[in-house]
């Protein structure tokens with residue numbers, strides 16, 4: 001039976017390490033990332049990221065954003081009312097609020113040339129299947145699908161495939177799996193190793209001790225015939241290789257070709273992705 005995976009969710013994380021928002025369509029910006037994904041970051045006075053790896057208070061900071069009006073919203077996890085700021089006019093007020101929240105001088109920065117990434121040379125979108133996330137949620141007691149989704153923070157999520165089907169989209173370092181989303185040419189580049197953040201509850205920072213070892217053990221035990229042998233938590237990076245503007249519409253067929261011994265079944269897109277990537281070279 002030919003599988004026809006569907007993109008069921010498109011998510012971006014406008015402020016690095018903070019909450020994601022779901023979209024019905026997304027434009028690909030510079031570096032192959034979705035537009036506005038990790039566009040902002042909070043940094044301290046030493047120019048270091050304030051993130052979940054280093055500061056557990058990050059997990060208690062809720063965020064929302066309205067790009068059309070240029071307004072960002074913050075609140076503490078225990079609060080019900082939002083603090084509203086204009087991203088341009090209220091820059092000093094935003095920094096004061098965040099400094100008070102984190103109990104030290106910090107500021108919100110915007111990246112106008114790319115995205116705030118831990119590994120800049122491996123920029124792109126990340127993809128996971130709903131089935132994989134469901135499987136992982138079953139490995140740990142009291143972890144539901146939505147919580148697992150927030151722990152791994154992929155930008156694209158696909159359905160109608162078995163767990164870890166997305167392993168098909170990567171072969172080995174230095175090679176790429178070529179496929180298409182409608183008329184959009186895409187390369188599956190490499191697994192994205194996850195940091196310690198998935199070990200922590202996304203809304204309170206509570207740590208599951210032994211998470212990484214348990215994850216690797218379960219992953220090995222449940223490894224499908226096509227799967228990657230992994231010892232750490234990973235998302236798959238995919239990157240566009242277009243040289244002109246293209247738009248994909250809902251229902252566009254994903255088509256793939258045989259690359260390095262892998263045959264990728266055709267699959268179908270369920271949301272819009274607008275591409276404005278010009279002349280990006282990935283190798």
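Return the residue satisfying two criteria in turn: it lies in region 18-54 and is at pLDDT below 95 and in contact with a helix residue (DSSP H, G or I) (Cβ under 9 Å, 6 or more places away or on another chain), and of such residues it is surrounded by the most Cβ atoms within 10 Å (Cβ to Cβ). Filtering first and then ranking leaves 52. Just the residues that are outside any helix (DSSP H, G or I), closer than 21 Å to residue 50 by Cα and in contact with a helix residue (DSSP H, G or I) (Cβ under 6 Å, 6 or more places away or on another chain), please, taken from region 116-151. Matches in region 116-151: 123 only.
Given the structure, is residue 79 out of contact with any helix residue (DSSP H, G or I) (no Cβ under 6 Å at 6 or more places or on another chain), free of Cβ contacts under 8 Å to residues at least 24 places away in the same chain, closer than 22 Å to residue 26 by Cβ and surrounded by fewer than 16 Cβ atoms within 10 Å (Cβ to Cβ)? Answer is no for this residue. The set of residues from region 55-76 being in a loop (DSSP other than H, G, I, E, B) and surrounded by fewer than 18 Cβ atoms within 10 Å (Cβ to Cβ) comprises 67, 68, 69, 70. Please specify each residue of region 18-75 satisfying the condition of being on the phi > 0 side of the Ramachandran plot and free of Cβ contacts under 8 Å to residues at least 40 places away in the same chain. If the condition is that a residue be on the phi > 0 side of the Ramachandran plot and free of Cβ contacts under 8 Å to residues at least 40 places away in the same chain, then 36, 47, 70 are the ones that fit. Taking region 143-174 as the search range and keeping residues that are at pLDDT below 90 and surrounded by fewer than 16 Cβ atoms within 10 Å (Cβ to Cβ), which one is nearest to residue 14 (Cα to Cα)? Restricting to residues being at pLDDT below 90 and surrounded by fewer than 16 Cβ atoms within 10 Å (Cβ to Cβ), the top hit is 159. Farther than 30 Å from residue 159 by Cβ and in a loop (DSSP other than H, G, I, E, B), is that true of residue 17? No: the conditions fail for residue 17.
The values are calculated or read from the model by the stated rules, or taken from the named source; none is laboratory data. Everything quoted here is computed from the prediction, not taken from an experiment. Neighbour counts run over all protein chains shown; Cβ positions are idealised from the backbone, glycine included.
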